[in-house]
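What follows is a short report on a single structure.
The values are calculated or read from the model by the stated rules, or taken from the named source; none is laboratory data. These figures come from a predicted structure and were not determined experimentally. Note: ideal-geometry Cβ built from the backbone for every residue, glycine included; neighbour counts use all protein chains shown. Keep in mind that these areas ignore ligands, DNA and RNA; they rest on the heavy atoms of the full protein, side chains included. Shrake-Rupley method; radii C 1.70, N 1.55, O 1.52, S 1.80 Å.
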Amino acid sequence: MNILFIGDIFASAGRSMVAEHLPDLLSEHKIDLAIANAENSAGGFGITPLIAEELLALGIDVLTGGNHSFDKREIYDYHARQPRLLRPANYPGDLPGSGVFTGVAHNGAPYAVINLQGRALMANIDCPFQKANQILESLDPAIYVRFVDFHAELTSEKVAMGWHLDGRTSAMIGTHTHIPTADTRILAGGMAYQTDAGMTGPYDSVIGVDKEIILRRFLTGVPARMEASKKGAELHGVVLSVDEHSGRAQSIKRICAIR
């Protein structure tokens, strides 16, 4: 089966790129399961129920999150109503929502999508490595296709998680830094891997934010309200093929669309 993963959708520029290119990507690559990280889809910070519904209606099957998952207060109650919107599984258990979604892909194969968040230089939440173990042990063994979005800051933590999951999941793709990495590969245990999928949003920016605002902050040290750029929109992600009978990845490649 073929899986599409779209890197962090950032603000209106990212959403417009998804709306513009998703139909062709689904058709061209014969996608059975489409996943996207959408934690920054509302103005670059958080996600709203309306935006989540719009992205799902476009043809994305599961939306993943990260450290901005709860930036918008109105998303709290929505999590209970929409299981296809994930937040990191290693957040405290009493928060609304879930970090795991299981379903059936368009080709009839069962799958699991798992959302985890790193701890290095980020919030001191539960251990993502131990949480990954718990989740994988609890999954129905008949679910062979298992996709992980690991939302983390440090490349070293993401690489370590890749080796930790190899042989137990079909793919682990990193998010959060908004910079696509060039280490797309299949590890020895059969897991597709990339340290960071990059951002789907405005690349004429500093990781999505208007570059003049960020430059002033670096030059002066004076805080300023961050605003999303609208220039240089690009879509970044990966397409991978997985054997649904074994869960092993067969291929993975980076994709990029530029307006």
Q) Helix-derived [θ] at 222 nm for the chain: sum -39500 (n - 2.57) over DSSP H runs of at least 4, divide by residue count, nearest 500? A) -8000 deg cm²/dmol
(Q) With a 1.4 Å probe and all protein chains left in place, how much accessible area per residue does segment 213-256 have, in Å²? (A) 64
Q. To the nearest 10 degrees, how steeply does helix 155-165 sit against the main Cα axis of the chain, on a 0 to 90 scale?
A. 20
**Q.** Ranked order, Phe10, Phe218 - accessible area, probe 1.4 Å, largest first
**A.** Phe218, Phe10
Q | Under 14 Å from the Cα of Lys211 - aspartates and glutamates, other chains or at least 8 residues apart | A | Glu227
Q: Using only the Cα atoms of segment 15-71, construct the convex hull and provide its projected area averaged over every direction, in square nanometres to one decimal.
A: 3.7
Q. Could you give the dipole magnitude of the chain about its Cα centre, charging the beta-carbon of Lys and Arg +1 and that of Asp and Glu -1, in debye to the nearest 20?
A. 380
Q) Which angle between 0 and 90 degrees, to the nearest 10, do you get for helix 211-220 versus the longest principal axis of the chain when only C-alpha atoms count? A) 60
Q) So which residue, out of Pro88, Pro141, Pro23, gets the largest mean-square fluctuation from a GNM of the chain using Cα contacts under 10 Å as springs? A) Pro141
Q. How big is the convex hull of the Cα atoms of the chain, per residue, in Å³?
A. 119
Q) Which whole-number value in Å³ per residue fits the convex hull of the alpha carbons of segment 140-259? A) 121
Q) Which whole-number percent is the relative contact order of the chain (Cα, under 8 Å, 6+ apart)? A) 20
Q: Quick one: angle between helix 11-28 and the longest Cα principal axis of the chain, in degrees between 0 and 90, rounded to 10, please.
A: 30
Q: Starting from the Cα of Lys158, draw a straight line to each of the aspartates and glutamates and keep only those under 17 Å, dropping any in the same chain fewer than 8 residues away.
A: Asp8, Asp126, Asp149, Asp166, Asp183, Asp196
Q) Cα convex hull of segment 53-127: how many Å³ per residue? A) 106
Q) Accessible area of Asp243, 1.4 Å probe, to the nearest 10 Å²? A) 50
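Using a 1.4 angstrom probe on heavy atoms only, work out the carbon and sulfur share of the accessible area of segment 217-259 in %.
52
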Q.
From the P(r) of segment 1-149, could you give the percentage of C-alpha pairs in the tail past 17 Å?
A. 60
Q: State, as an integer percentage, the relative contact order of segment 78-150 based on alpha-carbon contacts under 8 Å between residues 6 or more apart.
A: 30
Q | Computed over segment 1-100: relative contact order in percent, which uses C-alpha pairs under 8 Å that are six or more apart | A | 23
Q) In what sequence, largest accessible area first, do Asp77, Asp32, Asp126 appear using a 1.4 Å probe? A) Asp77, Asp126, Asp32
**Q.** Spatially proximal lysines relative to Lys30 (Cα-Cα < 22 Å; intrachain offsets below 8 disregarded)
**A.** Lys253
Q: Would you work out which of Ile207, His245, Gly190 lies farthest towards the positive end of the dipole of segment 173-259? Charges go on Cβ: Lys and Arg +1, Asp and Glu -1.
A: Ile207
